[in-house]
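Engineer: For reference, the structure I am asking about is given below.
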Amino acid sequence: MGAIDPALLLAALMVAATPILLAALGELVVERAGVLNLGVEGMMITGAICGFAVAVNTGSPAVGFVAAAGGGAVLALLFAALTQLALANQVASGLALTLFGLGLSSLLGQGYVGIKPPPTPRLDLGPLSDIPFLGRVLFSHDLMVYLALALVAAVWAMLKYTRAGLILRAVGENHDAAHALGYKVVRVRVLAILFGGACAGLGGAYISLIRVPQWTEGMTAGGGWIALALVVFASWKAGRVLLGAWLFGGVTVLQLNLQAAGLAIPVEYLSMSPYLITILVLVIMSADKSRAPASLGRIFHASQ
Amino acid sequence: MLRLEKRPQPSRVWTWATPPLAVMITMIAGGALFAALGKDPAEAIATIFWKPLFGEFAFYYRPQLLIKAAPLILIAIGLSLGFRAGVWNIGAEGQYIAGALTGAGVGLAFYPLDSWVVFPLMVLAGALGGWAWAMIPALLKVRFGTNEILVSLMLVYVAEQLLAAMALGPMRNPDGRGFPGSRNLRDYPAAHNAEIISGTGMHWGVAAAVIAVILAYVLLSRHLLGFHIRLAGQAPRAARFSGVRPGRLVVICLGTSGALAGLAGMFEVAGPAGQVSIDFNVGYGFTAIIVAFLGRLHPVGIALAGILMALTYIGGEMAQSTLGLPAAAIQLFQGMLLFFLLAVDLLTNYRVRFRHREAA
């Protein structure tokens, strides 16, 4: 077993954490608004193929990422229509979204198997990248990694310090009271759902355009579900989502490295580890239920 | 302007009218999708829904209907109990794999013993395997309050990896010249889930599905436990006052659905699939979620929905070979069905009223 370079490992961790970080941040905002969208996996994979297809056709990864956010948001709009207008059960609607997204993505992706997407350049941070160790770990990535980190800060600040964040939280904690105060519960929730979809789409596209980078069916491989678990893990706090994403990114990278190192354990058992760790973390965190938004998953209808 | 008014009780008429309505809308939307893919929509819809039953090659496709419907119905019946009680087992795919592995494992362990006990033991092992896999989220939920949706789903990915490990490792056919996959149980009569009546597709899994439908019907309409399940879903607070223990319900609902999914997996691996292989699971566990909702969580409805869904699988295969319709289009079609069903369900619980602007 060869020595694993810790700097490379940590740098890979940052990359591996980015897709689930983006998706989980989006879902965090959705859940803080009181909506449980289980369709993250479906929106991620749709974003992955939308971003991939557009990036291949236009030759620009940036346009691809915009398209991925759009694709995720369009799919989320379906969920919003179902749960906010047709007042359907959120669990069932989320599952429908995932099944639909998986089908849609493999249909859209038919002509794109085996193609290489245009490369996304590494952001040039000048002398910062030359710092030993830290330069390699922190300052050698593409723009999306930093955007994701900026988004963590933005979501955190938005929820904590702005009026919009306060309204969003009010809607999530007690939609009847928020409605009585004159806030548009449905409008706030639809916007939150769209934001969640766009974030999930970005996360998906990060996998297909940068992390892998190519298109294969079902390539998100449960990343959307791990993102959902991450929100619980984070007790619905933006900062902790980052921590959780790094933890899962770390586990993923570590098991991949162990696979490459040719450990005596069969590859399949190593591949299980991120999912098993997710379960373990869920068990540990589920003792604390008090943090969940009080209106989470409840249907709002103004008549009652 | 349109306004929604909550019905005091869900409409009985719409409860049964929404699934056919959803199927109709899905056919129209699906037709549009097929047209967008450059196929004749009428031809495609006919190929999926009509030709497998009444077309030229119906003799080949009709038995397939039962083969595909049996696992869907078995799994969906189990899921419906939980869904009614608000216990969301969405990892049936994992329990299906677990049941197939334990069932096939027992069969392979006895190879080449020729005795009648082998098959019943495999059935038992399959049910136990699925049950045990479902007990993981159930016990975690009861003991720690862990979300069963996420845990059961994570276990699907774990089960898939386990399946691959088994197909490549311990269960690999020793006479298979190193190819992945186990011995073919079709060549081992004592363990083979053969057709009960030859040429009909009627294997033991179909019999189990029929029994499950009947038992579930009796349970829900005649038994106290069935009443508790319905009560816990519709009025959790009232259920607690009337002495329903939520933890017990979680264990029962997840356990039953796990055992049924395990049975489905075991019948599949011993019959139509024949062997443990990497690509053994084809998503029945997820499609069964659609089946359960389309059947309105009612045993008879689920049986009908299972047959309809089986038809889309078979018709989809047919459309794939004759019209060149991509397989993904069928998957999308099934997803759309659940979407439209949830959307038109609005009519069951709400009355849509046309409102004139009132003076404030």
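Engineer: So, with +1 on the Cβ of K and R and -1 on the Cβ of D and E, and no other charges, what is the size of the charge dipole of segment B:179-321 about its Cα centre, to the nearest 20 debye?
Structural biologist: 900
Engineer: Given springs between every Cα pair under 10 Å in a Gaussian network model of chain A, which of A:Ala264, A:Ala80, A:Ala221 has the largest fluctuation?
Structural biologist: Of the options given, A:Ala264 has the highest mean-square fluctuation.
Engineer: Another one. Please list, short to long, the whole-number percent of alpha-carbon pairs of segment B:300-360 in consecutive 10 angstrom bins beginning at zero.
Structural biologist: 18, 32, 23, 13, 9, 4, 0
Engineer: In addition: Using only the alpha-carbon atoms, how far is helix A:185-206 inclined from the longest principal axis of chain A? Give it as 0 to 90 degrees, nearest 10.
Structural biologist: With rounding to tens, the tilt is 10 degrees.
Engineer: Give the residue list of GluC sites (Glu not before Pro) in segment B:32-116 that are DSSP loop and have at most 12 other beta-carbon atoms within 10 angstrom.
Structural biologist: Counting only loop positions with at most 12 other Cβ atoms within 10 Å, the GluC sites (Glu not before Pro) in segment B:32-116 are B:Glu56.
Engineer: While we're here: Of the candidates B:Arg84, B:Arg172, B:Arg143, which one comes out as most mobile in a Gaussian network treatment of chain B with C-alpha springs shorter than 10 Å?
Structural biologist: Comparing B:Arg84, B:Arg172, B:Arg143 in the GNM, the peak value goes to B:Arg143.
Engineer: If you don't mind, there's one more thing I want to ask. Can you list the lysines whose alpha carbon sits under 28 Å from that of B:Lys51, skipping same-chain ones fewer than 8 residues off?
Structural biologist: The qualifying lysines are B:Lys39, B:Lys68.
Engineer: Turning to a different aspect of this structure: Taking the Cα centre of segment B:38-325 as origin, sum charge times position over the Cβ atoms of Lys and Arg (+1) and Asp and Glu (-1), and report the length of that vector in debye to the nearest 20.
Structural biologist: My answer is approximately 1160 debye.
Engineer: Answer with one residue from B:Trp16, B:Phe54, B:Ala35: the one whose Cα lies farthest towards the positive end of the charge dipole of segment B:1-58, charges on Cβ with Lys, Arg +1 and Asp, Glu -1.
Structural biologist: Toward the positive end, the furthest listed residue is B:Trp16.
Engineer: Using the Cα gyration tensor of chain A, with a ≥ b ≥ c the square roots of its eigenvalues, what is the shape: rounded (a/c below 1.5), prolate (a/b larger than b/c) or oblate (neither)?
Structural biologist: Here chain A falls in the prolate category.
Engineer: I've got another one for you. Taking only Cα atoms, what is the 0 to 90° angle, nearest 10, from helix A:267-285's long axis to the longest principal axis of chain A?
Structural biologist: Computed tilt is about 40 degrees.
Engineer: Ok, one more. Under a straight-distance cross-link criterion of Cα-Cα below 26 Å, which lysines are reachable from B:Lys6, leaving out those fewer than 8 residues away in the same chain?
Structural biologist: Cross-link targets: A:Lys184.
Engineer: Let me ask another. How big is D, in µm² s⁻¹, for the protein assembly as shown by Stokes-Einstein at 10 °C and 1.306 mPa s if Rh is the Kirkwood radius over C-alpha pairs?
Structural biologist: Numbers: Rh = 25.9 Å.
Translational D for this selection: 61 µm²/s.
Engineer: Alpha carbon centre of segment A:95-116 versus segment A:22-47: separation in Å?
Structural biologist: Taking the Cα centre of each part, segment A:95-116 and segment A:22-47 sit 18 Å apart.
Engineer: Quick one: net charge around B:Val13, please, counting Lys, Arg +1 and Asp, Glu -1 for every other residue with C-beta under 14 Å from its C-beta. Don't skip to the end; give the middle numbers.
Structural biologist: Numbers: positive: B:Arg7, B:Arg12, B:Arg296, B:Arg351; negative: B:Asp345.
Cβ neighbours under 14 Å give a net charge of +3.
Engineer: With every atom except the alpha carbons ignored, what do you get for Rg and Dmax of segment B:38-325, in angstroms?
Structural biologist: Cα-based Rg and Dmax for segment B:38-325 come out at 19.4, 63 Å.
All of the numbers you see were taken from the coordinates with simple rules; none came from a lab. In this text the structure is predicted, and so the values were computed from the model without any measurement. Neighbour counts run over all protein chains shown; Cβ positions are idealised from the backbone, glycine included.
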